[in-house]
Structure formats: C-alpha cells, structure tokens
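Shown next, in structure tokens, is the structure this report addresses.
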Amino acid sequence: MSGWEAIAIGAAGFGAGTINTVVGSGTLLTFPVLLAFGYAPVTANVSNTVGLVAGGLTGTHGYRAELAGQKRRASRLAAFSVAGAVTGAILLLALPSAAFKAIVPAFIGIALLLVVAQPLLGARLEARRARGLRGGRWLPAALFAVGVYGGYFGAAQGILLLSVLGLAITESMQRVNGLKNLLATATNLVAALVFIVATHIDWGVAALLAIGSTLGGLLGARVGRRLPPAALRGLIVAIGLIAIAKLTV
C-alpha cells in the first residue's frame with residue numbers, strides 16, 4: 001500500500017464517519033475508494049464493515065444526550081437489528097462472491113435514490129410527528145430486514161433506519177438520529193465480529209478506516225449538521241455512480 005493510498009483510505013474513513021453520524025451513507029464513500037485501489041469487492045466490503053465500527057462508536061457516544069431515557073427501547077430494538085445483521089453477514093459469506101458483485105450495483109443504486117430522497121423523507125417524517133401519528137407493530141420486522149441489509153452490505157442503512165424509526169416513534173429527529181446511530185453501530189459491530197471469525201480481513205485497510213472514521217464520528221456528532229446538505233448529497237451520488245461503473249464494467 002502506497003502512502004497516497006493510505007491517505008486516501010483514511011480520508012474516506014473520516015468522511016464516512018462524519019456522514020454516518022449525521023445521516024448514514026458513509027459506505028458510499030469508502031467502498032468505491034477501496035474498489036478503485038483494486039481490492040476485491042467482498043474483501044473491500046468486510047474490511048470496510050470492520051473499519052467503520054469505531055466511527056459508529058464515537059458517533060453514538062456523541063449522541064449520548066439524545067439517547068438519554070431510551071435505554072429500554074434501544075435494548076429491545078437492538079435485538080432485532082442484531083439478529084438481522086447476523087443473517088446478512090452469514091448470507092454474504094455463504095453466497096458466492098460473484099453473487100455479491102452482481103447484487104451490489106443494485107444495492108448502491110437503491111442507496112443513491114435514498115440519499116437523493118432523504119430531504120423529502122425527512123420532511124414527511126417531521127410532518128407525521130407534528131400530527132402525532134405513529135405506527136410500530138411492523139417495526140421489529142422492519143428493523144430485522146434493515147439489519148439483514150446492513151450485515152450484507154449496509155450502504156445507506158442509516159437512512160433506512162431513520163425512515164422506519166421516524167414512522168414508528170414520536171420523538172424529535174435528533175433523538176431518533178441518536179437511536180439510529182446506536183442501532184447501525186450494533187449492526188456493524190455484530191457483522192464485523194462474524195467476518196473477523198469467519199473470513200479474511202485486510203487489517204491495514206480496516207485500521208486506516210477505523211482511525212479516519214473515529215475522528216469523523218466525533219466531528220459528525222459535534223459539527224456535522226453544519227455541512228451543506230446539497231453538496232454532501234451530490235458528492236455521495238457522484239462517488240456511488242463511480243462504484244456502480246466499477247462493478248459493472
């Protein structure tokens with residue numbers, strides 16, 4: 001690994017840690033960078049998952065004030081996310097790598113659509129909260145499904161979590177975002193443990209991503225909300241399209 005490659009991977013981790021804490025689509029930065037440097041898709045995916053856990057932990061810690069009073073709820077909901085994560089991670093390891101390479105472009109495309117639609121989704125969720133509307137019976141199944149996705153690939157799982165939690169829970173967006181960070185981190189952590197035990201991790205890549213995402217998670221929790229949303233979404237979409245091209249060529 002060259003010095004410039006290490007800098008680029010660490011910088012991508014920093015950006016991903018920030019973005020994941022604020023909304024959740026950081027893998028759309030790190031995964032394409034790893035592909036561009038020639039890492040195999042599955043190796044890039046599992047190393048990315050392991051590396052971004054640290055940023056999730058710092059981001060969740062940064063939202064500890066918003067998580068106050070949600071311990072019981074978080075513990076109950078995390079069980080469904082974790083079960084889904086284990087399922088998704090096992091699917092990734094059980095299915096042939098060719099299947100992952102074929103499926104992931106579609107996943108990235110869906111994730112990009114979620115990134116573009118995020119402002120509209122957020123506005124609708126705020127409107128529902130203002131009217132006092134809530135759901136909930138379907139929430140465990142939805143969290144399990146998002147956990148499966150997160151364990152298998154995970155790009156934009158934070159946006160999915162924000163959507164399902166916002167529809168089911170009548171809390172402020174910041175408290176929902178704190179809960180999202182905790183559940184996404186639990187998903188990544190459990191999937192990472194499965195990968196560490198069962199498959200090859202590029203520890204150099206994982207370490208660089210961990211360092212970058214740790215700092216990014218701290219920034220995201222403190223000042224990430226000040227980033228220009230339109231510019232951030234534009235960058236994510238551009239990099240995601242590059243990743244689709246890389247995987248389909």
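Quick check: is even one residue across region 161-181 β-branched (Val, Ile, Thr), under 21 Å from Arg72 (Cβ atoms), open to solvent by 20 Å² or more (accessible area, probe 1.4 Å) and over 18 Å from the mean Cα position of the chain (by Cα)?
Yes - at least one qualifying residue is present in region 161-181.
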Residue identified as over 12 Å from the mean Cα position of the chain (by Cα) and either free of Cβ contacts under 8 Å to residues at least 24 places away in the same chain or open to solvent by less than 10 Å² (accessible area, probe 1.4 Å) (or both) among Val46, Val42, Val33:
Val46
How many residues of region 196-215 are more than 20 Å from Phe37 (Cα to Cα) and touching a helix residue (DSSP H, G or I) at 6+ places or on another chain (Cβ under 7 Å)? The answer is 5
So, of the residues in region 1-30 that are aliphatic (A, V, I, L, M) and at pLDDT below 90, which turns out to be most open to solvent (accessible area, probe 1.4 Å)?
Met1
Considering only residues that are open to solvent by 50 Å² or more (accessible area, probe 1.4 Å) and closer than 19 Å to Leu162 by Cα, which ones fall in region 71-101?
Lys71, Arg72, Arg73, Ser75, Arg76, Ala79, Phe80
Do any residues in region 194-218 that are more than 11 Å from Val46 (Cβ to Cβ) have Cβ atoms under 7 Å from those of residues that are buried (at least 21 other Cβ atoms within 10 Å of the Cβ) and aromatic (Phe, Trp, Tyr), where the two are at least six apart or on different chains, and which pairs are they?
Gly212/Phe14; Ser213/Phe14; Leu215/Phe14; Gly216/Phe14
Evaluate region 123-140: report whether one residue or more is more than 29 Å from Gly234 (Cβ to Cβ) and touching a Ser or Thr at 6+ places or on another chain (Cβ under 7 Å).
yes
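The values are calculated or read from the model by the stated rules, or taken from the named source; none is laboratory data. Computed from a predicted model, the values in this text were never measured in an experiment. Virtual Cβ from ideal backbone geometry, glycine too; neighbours counted across all protein chains shown. Just so you know, the surface numbers come from the protein's heavy atoms only, side chains and all, with ligands and any DNA or RNA stripped out. Shrake-Rupley method; radii C 1.70, N 1.55, O 1.52, S 1.80 Å.
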